[in-house]
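The values are calculated or read from the model by the stated rules, or taken from the named source; none is laboratory data. From a predicted model like this one, the values you see are computed outputs, not experimental measurements. No Cβ is skipped: glycine too gets one built from the backbone with ideal geometry, and neighbour counts run over all protein chains shown. To get the accessible areas, we keep the full protein, side chains included, count just its heavy atoms, and leave off ligands, DNA and RNA. Shrake-Rupley method; radii C 1.70, N 1.55, O 1.52, S 1.80 Å.
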Amino acid sequence: YRYGFDDLGVVYTAIQHQGILYIGTNQGLYRYQSSSDSFQFIEQTRGQVWDLKVLHNKLYCFHDKGLFEVSSLKASQISSATGFWTAEPFEGELNPSYILGGYDGVYRYTEGSAPEKIEGFDVSSRFLSVAGNQLVVNHEKLGLFFLELDANAERIEAQKNIATIGSATSLFTLNEHIFYRSTEGIFEVDTKDKVLRFQKNFSNQLNFKTIRPSKSTVTPNGAAFLGEN
(Lines give C-alpha, C1' and ligand atoms only; values in the text may rest on other atoms or scores of the structure.)
Protein backbone atom coordinates (compact mmCIF):
# COMPACT_ATOMS: atom_id res chain seq x y z
CA TYR A 1 0.00 0.00 0.00
CA ARG A 2 1.41 3.40 -0.98
CA TYR A 3 0.43 6.62 0.72
CA GLY A 4 2.14 9.46 -1.10
CA PHE A 5 5.79 8.43 -1.35
CA ASP A 6 5.66 6.09 1.65
CA ASP A 7 5.40 2.35 1.13
CA LEU A 8 3.51 1.06 4.17
CA GLY A 9 3.55 -2.58 3.06
CA VAL A 10 0.74 -5.08 2.53
CA VAL A 11 -2.29 -4.17 4.67
CA TYR A 12 -3.79 -7.12 6.57
CA THR A 13 -6.02 -5.39 9.11
CA ALA A 14 -7.35 -1.99 10.13
CA ILE A 15 -9.37 -0.59 13.00
CA GLN A 16 -10.57 2.74 14.34
CA HIS A 17 -10.10 3.23 18.07
CA GLN A 18 -10.80 6.40 20.05
CA GLY A 19 -11.08 8.36 16.83
CA ILE A 20 -7.74 7.15 15.48
CA LEU A 21 -7.28 4.91 12.44
CA TYR A 22 -4.70 2.12 12.83
CA ILE A 23 -3.54 -0.18 10.05
CA GLY A 24 -1.53 -3.37 10.42
CA THR A 25 0.78 -4.39 7.59
CA ASN A 26 3.57 -6.83 6.87
CA GLN A 27 5.98 -4.06 7.88
CA GLY A 28 4.38 -3.12 11.19
CA LEU A 29 1.67 -1.00 12.79
CA TYR A 30 0.80 2.55 11.67
CA ARG A 31 -1.65 5.20 12.86
CA TYR A 32 -3.15 7.92 10.74
CA GLN A 33 -2.35 11.45 11.86
CA SER A 34 -5.18 13.65 10.60
CA SER A 35 -3.48 16.92 11.51
CA SER A 36 -0.60 16.21 9.12
CA ASP A 37 -2.56 13.90 6.77
CA SER A 38 0.07 11.20 7.15
CA PHE A 39 0.69 7.77 8.64
CA GLN A 40 3.09 7.37 11.55
CA PHE A 41 4.94 4.15 12.33
CA ILE A 42 4.49 2.87 15.88
CA GLU A 43 7.86 1.91 17.33
CA GLN A 44 8.56 -1.67 18.49
CA THR A 45 6.09 -3.12 15.96
CA ARG A 46 8.38 -3.74 12.98
CA GLY A 47 7.25 -7.03 11.43
CA GLN A 48 3.99 -8.76 10.60
CA VAL A 49 0.75 -7.48 12.14
CA TRP A 50 -1.96 -10.13 11.78
CA ASP A 51 -4.90 -8.58 13.60
CA LEU A 52 -6.06 -5.58 15.64
CA LYS A 53 -8.84 -5.87 18.22
CA VAL A 54 -10.33 -3.79 21.01
CA LEU A 55 -10.63 -5.89 24.20
CA HIS A 56 -12.12 -4.24 27.30
CA ASN A 57 -11.77 -0.84 25.62
CA LYS A 58 -8.05 -1.34 25.02
CA LEU A 59 -6.44 -1.84 21.62
CA TYR A 60 -4.37 -5.00 21.11
CA CYS A 61 -2.02 -5.87 18.29
CA PHE A 62 -1.51 -9.53 17.33
CA HIS A 63 1.98 -9.75 15.89
CA ASP A 64 4.58 -12.28 14.81
CA LYS A 65 6.67 -11.06 17.77
CA GLY A 66 3.88 -11.57 20.29
CA LEU A 67 1.02 -9.63 21.86
CA PHE A 68 1.07 -5.83 22.22
CA GLU A 69 -1.19 -3.29 23.89
CA VAL A 70 -1.37 -0.08 21.87
CA SER A 71 -1.98 3.41 23.19
CA SER A 72 -1.66 6.32 20.76
CA LEU A 73 1.92 6.09 19.42
CA LYS A 74 3.13 3.56 21.99
CA ALA A 75 3.07 -0.24 21.79
CA SER A 76 3.79 -2.20 24.98
CA GLN A 77 4.66 -5.85 24.57
CA ILE A 78 2.59 -8.09 26.85
CA SER A 79 4.01 -11.42 25.71
CA SER A 80 6.76 -12.69 23.41
CA ALA A 81 6.09 -16.36 24.13
CA THR A 82 4.94 -16.93 20.55
CA GLY A 83 3.44 -15.10 17.62
CA PHE A 84 -0.30 -14.43 17.97
CA TRP A 85 -2.96 -14.43 15.26
CA THR A 86 -6.15 -13.21 16.96
CA ALA A 87 -8.44 -13.49 20.02
CA GLU A 88 -12.04 -14.40 20.83
CA PRO A 89 -14.10 -13.82 24.02
CA PHE A 90 -14.54 -16.78 26.36
CA GLU A 91 -16.71 -17.21 29.47
CA GLY A 92 -15.58 -19.86 31.93
CA GLU A 93 -15.97 -20.58 35.65
CA LEU A 94 -12.92 -18.47 36.46
CA ASN A 95 -13.79 -16.10 33.63
CA PRO A 96 -10.63 -16.03 31.52
CA SER A 97 -11.64 -13.15 29.29
CA TYR A 98 -10.22 -14.30 25.96
CA ILE A 99 -8.83 -17.23 24.04
CA LEU A 100 -5.87 -16.32 21.85
CA GLY A 101 -4.78 -18.14 18.72
CA GLY A 102 -1.01 -18.57 18.73
CA TYR A 103 1.63 -19.99 16.44
CA ASP A 104 1.96 -23.04 18.70
CA GLY A 105 -1.60 -23.56 19.92
CA VAL A 106 -4.21 -21.69 21.95
CA TYR A 107 -3.81 -19.46 25.02
CA ARG A 108 -6.09 -18.05 27.69
CA TYR A 109 -5.71 -14.38 28.54
CA THR A 110 -7.09 -12.18 31.29
CA GLU A 111 -6.30 -8.47 31.40
CA GLY A 112 -3.41 -7.73 33.70
CA SER A 113 -1.68 -11.10 33.30
CA ALA A 114 0.41 -12.80 30.64
CA PRO A 115 -1.26 -15.24 28.21
CA GLU A 116 -1.01 -18.85 29.40
CA LYS A 117 -0.76 -21.84 27.07
CA ILE A 118 -3.73 -24.23 27.13
CA GLU A 119 -2.38 -27.76 27.43
CA GLY A 120 -3.09 -30.46 24.89
CA PHE A 121 -2.98 -28.63 21.56
CA ASP A 122 0.09 -27.42 19.66
CA VAL A 123 -1.32 -26.58 16.22
CA SER A 124 -0.96 -23.06 14.83
CA SER A 125 -4.39 -21.45 15.38
CA ARG A 126 -4.84 -18.63 12.88
CA PHE A 127 -8.62 -19.06 12.48
CA LEU A 128 -10.38 -19.48 15.80
CA SER A 129 -14.01 -19.39 16.96
CA VAL A 130 -15.51 -20.01 20.41
CA ALA A 131 -18.82 -21.78 21.07
CA GLY A 132 -19.45 -22.22 24.80
CA ASN A 133 -16.63 -24.34 26.22
CA GLN A 134 -15.69 -25.51 22.72
CA LEU A 135 -13.08 -24.04 20.43
CA VAL A 136 -13.15 -24.44 16.67
CA VAL A 137 -9.72 -24.04 15.07
CA ASN A 138 -8.99 -24.20 11.36
CA HIS A 139 -5.59 -25.05 9.87
CA GLU A 140 -5.12 -24.95 6.11
CA LYS A 141 -3.28 -28.28 5.89
CA LEU A 142 -4.33 -30.15 9.04
CA GLY A 143 -8.05 -29.39 8.82
CA LEU A 144 -10.73 -28.36 11.29
CA PHE A 145 -10.41 -29.08 15.01
CA PHE A 146 -13.20 -29.24 17.61
CA LEU A 147 -11.58 -28.69 21.02
CA GLU A 148 -13.45 -29.09 24.31
CA LEU A 149 -12.04 -27.09 27.21
CA ASP A 150 -12.21 -27.77 30.92
CA ALA A 151 -14.15 -25.21 32.99
CA ASN A 152 -11.04 -23.15 33.75
CA ALA A 153 -9.70 -23.18 30.17
CA GLU A 154 -6.45 -24.74 31.34
CA ARG A 155 -6.39 -27.82 29.11
CA ILE A 156 -8.08 -29.58 26.20
CA GLU A 157 -10.23 -32.44 27.49
CA ALA A 158 -11.31 -33.83 24.11
CA GLN A 159 -10.78 -33.10 20.46
CA LYS A 160 -11.96 -34.16 17.02
CA ASN A 161 -10.31 -33.42 13.69
CA ILE A 162 -11.95 -33.15 10.25
CA ALA A 163 -9.68 -33.14 7.21
CA THR A 164 -9.49 -30.04 5.02
CA ILE A 165 -12.14 -29.57 2.32
CA GLY A 166 -10.75 -27.65 -0.66
CA SER A 167 -8.13 -24.95 -0.14
CA ALA A 168 -7.84 -21.30 0.91
CA THR A 169 -9.83 -22.21 4.02
CA SER A 170 -10.93 -19.91 6.84
CA LEU A 171 -13.58 -19.42 9.53
CA PHE A 172 -16.03 -16.58 10.07
CA THR A 173 -19.02 -15.92 12.33
CA LEU A 174 -22.35 -14.54 11.14
CA ASN A 175 -25.41 -14.08 13.38
CA GLU A 176 -23.76 -16.25 16.05
CA HIS A 177 -23.24 -19.12 13.60
CA ILE A 178 -19.76 -20.34 12.68
CA PHE A 179 -18.98 -20.93 8.99
CA TYR A 180 -16.12 -22.64 7.19
CA ARG A 181 -15.13 -21.14 3.84
CA SER A 182 -13.01 -22.82 1.18
CA THR A 183 -12.73 -23.15 -2.59
CA GLU A 184 -15.48 -25.79 -2.29
CA GLY A 185 -18.05 -23.35 -0.90
CA ILE A 186 -19.53 -22.29 2.43
CA PHE A 187 -20.20 -24.83 5.20
CA GLU A 188 -21.88 -24.23 8.54
CA VAL A 189 -19.90 -25.64 11.45
CA ASP A 190 -22.16 -27.85 13.57
CA THR A 191 -20.45 -27.83 16.98
CA LYS A 192 -22.95 -30.28 18.48
CA ASP A 193 -22.50 -33.10 15.95
CA LYS A 194 -19.00 -31.89 15.02
CA VAL A 195 -19.60 -31.92 11.28
CA LEU A 196 -19.75 -29.43 8.41
CA ARG A 197 -23.08 -28.77 6.67
CA PHE A 198 -22.84 -27.50 3.12
CA GLN A 199 -24.74 -24.24 2.51
CA LYS A 200 -25.79 -24.42 -1.14
CA ASN A 201 -27.71 -21.13 -1.31
CA PHE A 202 -25.06 -19.22 0.61
CA SER A 203 -22.34 -20.64 -1.66
CA ASN A 204 -24.33 -19.76 -4.79
CA GLN A 205 -24.75 -16.16 -3.61
CA LEU A 206 -20.97 -15.87 -3.43
CA ASN A 207 -20.59 -17.41 -6.91
CA PHE A 208 -18.68 -20.53 -5.94
CA LYS A 209 -18.26 -22.79 -8.96
CA THR A 210 -18.07 -26.09 -7.07
CA ILE A 211 -21.46 -27.32 -5.80
CA ARG A 212 -21.58 -30.24 -3.40
CA PRO A 213 -24.12 -33.08 -3.87
CA SER A 214 -27.22 -32.96 -1.67
CA LYS A 215 -26.56 -36.23 0.14
CA SER A 216 -24.47 -37.18 3.11
CA THR A 217 -20.99 -38.20 2.05
CA VAL A 218 -17.32 -38.31 2.91
CA THR A 219 -14.71 -36.85 0.62
CA PRO A 220 -11.73 -38.96 -0.50
CA ASN A 221 -9.43 -37.27 2.04
CA GLY A 222 -11.80 -38.13 4.88
CA ALA A 223 -13.42 -34.72 5.39
CA ALA A 224 -16.97 -35.39 6.55
CA PHE A 225 -19.93 -33.19 5.80
CA LEU A 226 -23.67 -33.73 5.87
CA GLY A 227 -26.17 -32.81 3.17
CA GLU A 228 -27.03 -29.27 2.28
CA ASN A 229 -28.98 -26.46 3.88
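Some values worked out for this structure:
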quantity: Only listed residue being of a type in the set (Gly, Ala, Ser) and within 25 Å of GLN18 (Cα to Cα), chosen from SER35, SER80; calculated: SER35
quantity: Near pairs, Cβ below 6 angstrom, 6+ apart or cross-chain, from segment 70-88 (of a type in the set (Ser, Thr, Tyr)) to any residue that is part of a loop (DSSP other than H, G, I, E, B); calculated: SER79/ALA114; SER79/PRO115; THR82/TYR103; THR82/ASP104
quantity: Within segment 101-177, strands (runs of 3 or more DSSP E) holding 3 or more residues that are open to solvent by 50 Å² or more (accessible area, probe 1.4 Å) and in contact with a strand residue (DSSP E or B) (Cβ under 8 Å, 6 or more places away or on another chain); calculated: 156-162
quantity: Residue match in segment 66-88 (condition: farther than 24 Å from ASN152 by Cβ, open to solvent by less than 20 Å² (accessible area, probe 1.4 Å) and assigned to a loop (DSSP other than H, G, I, E, B)); calculated: yes
quantity: Where a residue in segment 1-15 is open to solvent by 70 Å² or more (accessible area, probe 1.4 Å) and assigned to a strand (DSSP E or B) and its partner, wherever it lies, is at pLDDT 90 or above and of a type in the set (Lys, Arg), with Cβ under 7 Å and at least six apart; calculated: none
quantity: Filter result for GLY227 (at positive phi and either of a type in the set (D, E, K, R) or at pLDDT 90 or above (or both)); calculated: no
quantity: Every residue from segment 128-153 that is farther than 17 Å from ASP193 by Cβ and β-branched (Val, Ile, Thr); calculated: VAL130, VAL137
